[in-house]
Amino acid sequence: MDFSTTDQQDQIRRAIRDLCAGFGDEYWRELDRKREYPERFVRALTDAGWLAALIPADYGGAGLGVADAAVIIEEINRSGGNAASAHAQMYTMGTLLRHGSEDQKRGYLPRIAKGQLRLQAFGVTEPEAGSETTRLRTAAVRKGDRYVVNGKKVFISRAEHSDLLLLLARTTPYEELEDKTEGLSIFMVDLRRAVADGRITVRPIDTMLNHHTTELFIQDLEIPARDLIGQEGQGFRHIIDSWNVERILIASEALGDGRWFVERAAKYAGDRVVFGRPIGANQGVQFPIAQAHARLEAATLLRDKAAWLFDHGKPCGPEANMAKLLASQASWDAANAALDTHGGYGFAAEYDVERKFRETRLLLVAPISNNLVLAYIGQNVLGMPRSY
Ligand SMILES: Cc1cc2nc3c(=O)[nH]c(=O)nc-3n(C[C@H](O)[C@H](O)[C@H](O)COP(=O)(O)OP(=O)(O)OC[C@H]3O[C@@H](n4cnc5c(N)ncnc54)[C@H](O)[C@@H]3O)c2cc1C
């Protein structure tokens, strides 16, 4: 077994570190304080081609694998930044890539790769359905050469900062389905136009972190039938493919956060002197940091395995889900160790620990809550009885 990283991955890591060095703690702290979108950072990432990492070279992207993309995302969060501002572009585009027609791919991907179009918004969650995606109600009714969509979405992130929205909507009523995973379809929506025409109203949701998530109210939105991605009624299956990539990249965000917490905590534990010695000399301070480091290392192995399987065209659902579970838990342990290590200063915004603490907490819940990951492992991997 070879656990070494490739030269290409080492180069990517260095390049992302260099780029992120231009966006230090103060940049992210100030954005967090003002709840502003990291426009300059996202522009720099886009201009350097990193957000087009997973777009094949034929369509103007870098043609990298998920293992490479994981390095990009991990390094952003390890630098103290937050890849959530842009990560969706990487994984949502997989649905278009795998299930879009050649015309759709030629129409969108090169412009996304060049940074002329942003595909940052993914519209799945609804207030009533919650985690039960097969219960979505937003309906897309076919009328001639178009679909007319009505419904409501909640927690749709970056809708104010994206040109396009990948939308999951119901094309067959739930009651008429034998297989309840069918009946949903994916559409590419021109979000800017839909908002300008008053067909989608975007209402920001204030959250505990700087995340730019919103509610969408969709009223008589007309989508040309040519903007259906893949097969009508198979939308749920189409997005499941990209969910594995999402899980791997979210695990990478958590790992980056976790590394940041461990590095900051270890440094502070060495510097802060109380009772005549560095606080890190006390096992009560040192061991939680060491434990967090060990957990991060273990989660990294599973993330790397999941990415390797995906890049080699092999099934990776269990590994991708377990990587997300373990990485988000490891990062949360590291966050708590870092907060405890910093004592009262952990709560002071200027140390950035409280900001990263809030940011990494999200990963236990979204884009999928860890309970649902455990249910997937229990039911789909271990074959135990279903709760739903
Ligand atoms: C900041 C933020 C950004 C987001 N961005 C997006 C986005 O861009 N696009 C998008 O589509 N969605 C987005 N989401 C939504 C996110 O994916 C959901 O919040 C998440 O999937 C959970 O759904 P819910 O909030 O409806 O919780 P619910 O489904 O109501 O669940 C509430 C709690 O009950 C638990 N639970 C529910 N059912 C079970 C069960 N069967 N077994 C055990 N436990 C269960 C859950 O684990 C959870 O802890 C975002 C959410 C947040 C907070």
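The values are calculated or read from the model by the stated rules, or taken from the named source; none is laboratory data. Since the model is a prediction, treat every value here as computed from it, not as a measurement. Cβ placement follows ideal geometry from the backbone for every residue including glycine, while neighbour counts extend to all protein chains displayed. With ligands, DNA and RNA removed, areas are computed over all heavy atoms of the protein, side chains included. Shrake-Rupley method; radii C 1.70, N 1.55, O 1.52, S 1.80 Å.
These residues, His293, His87, go from largest to smallest accessible area, 1.4 Å probe, as His293, His87. A simple spin-label model places the labels of Phe275 and Ala294 2.2 nm from each other, with each point 7 Å out along Cα-to-Cβ. Axis of helix 317-341 versus longest Cα principal axis of the chain: the two differ by about 40°, to the nearest ten degrees. Looking at the stretch 112-154, the pairs of alpha carbons with a distance over 16 Å make up 54% of the total. If the chain linking Asn371 and Thr5 were pulled fully straight, counting 0.36 nm for each residue of separation and taking away their Cα-Cα distance, it would gain 128.6 nm.
For the stretch 119-233, the carbon plus sulfur part of the accessible surface works out to 43%, probe radius 1.4 Å.
Pairwise Cα distances in the stretch 237-381 exceed 26 Å in 30 percent of cases. Solvent-accessible area of the stretch 254-313 (1.4 angstrom probe, protein heavy atoms only): carbon and sulfur portion equals 59 percent.
Could you tell me the calculated FRET efficiency between Tyr388 and Arg193, based on Cβ-Cβ distance and R0 = 41 angstrom, to the nearest 0.05?
Details: r = 37 Å, r/R0 = 0.91.
Result of the calculation: an efficiency of 0.65.
Here the chain is described by how far its Cα atoms reach on the three principal axes: 78, 47, 40 Å, from widest to narrowest. The charge dipole of the stretch 1-149, taken about its Cα centre with unit charges on the Cβ of Lys, Arg, Asp and Glu (plus for the first two, minus for the last two), comes to roughly 660 debye. Label sites at Ala57 and Asp18, each approximated as a point 7 angstrom past Cα along Cα to Cβ, lie 2.1 nm apart.
Kirkwood hydrodynamic radius (Cα pairs, Å) of the stretch 7-114? If you can, show how the numbers build up before the last one.
Details: mean 1/r = 0.0694 Å⁻¹.
One decimal place: 14.4 Å for the Kirkwood radius.
With θ taken as phi - 60° and the Karplus curve 6.51 cos²θ - 1.76 cosθ + 1.60 applied, the whole-hertz 3J(HN,Hα) list for the stretch 115-127 is x, 7, 10, 10, 10, 10, 10, 10, x, 10, 5, 10, x Hz, x standing for glycine and proline.
One quarter of the surface of the convex hull around the alpha-carbon atoms of the stretch 240-294 equals 4.0 nm², the direction-averaged projected area.
Each residue was assigned an accessible area with a 1.4 Å probe, and for Val124 the value is about 20 Å². Expressed as a whole percent, the accessible area of the stretch 6-65 that falls on carbon and sulfur atoms is 45 (1.4 Å probe).
Tell me the mean residue ellipticity at 222 nm calculated for the chain from its helices only (DSSP H runs of n ≥ 4, each -39500 (n - 2.57), averaged over every residue, nearest 500).
Values: 12 runs with 186 residues, N = 388.
So the calculated ellipticity at 222 nm is -16000 deg cm²/dmol.
Compute the acute angle (0 to 90°) between the alpha-carbon long axis of helix 87-99 and the principal axis of greatest extent of the alpha-carbon atoms of the chain; round to the nearest 10°. Tilt relative to the chain: about 40 degrees. Computed over the chain with a Gaussian network model linking Cα atoms closer than 10 Å, the most mobile of Leu249, Leu372, Leu302 is Leu372. Each label was represented as a point 7 Å from its Cα along the Cα-to-Cβ direction; for Asn336 and Lys152 these points are 3.6 nm apart.
Cut-off 18 Å, label point 7 angstrom out along Cα-to-Cβ of Asp206: give me the residues of the stretch 21-45 whose amide nitrogen falls inside. Residues passing the 18 Å test: 31-37. Think of a 1.4 Å ball rolled over the protein heavy atoms: the chain then has 45 Å² of accessible area per residue.
Going by the alpha-carbon gyration tensor, a ≥ b ≥ c the square roots of its eigenvalues, is the stretch 119-233 rounded (a/c under 1.5) or, if a/c is not under 1.5, prolate (a/b greater than b/c) versus oblate?
Numbers: a/c = 2.02, a/b = 1.29, b/c = 1.56.
Because a/c hits 1.5 or more and a/b fails to exceed b/c, the stretch 119-233 counts as oblate.
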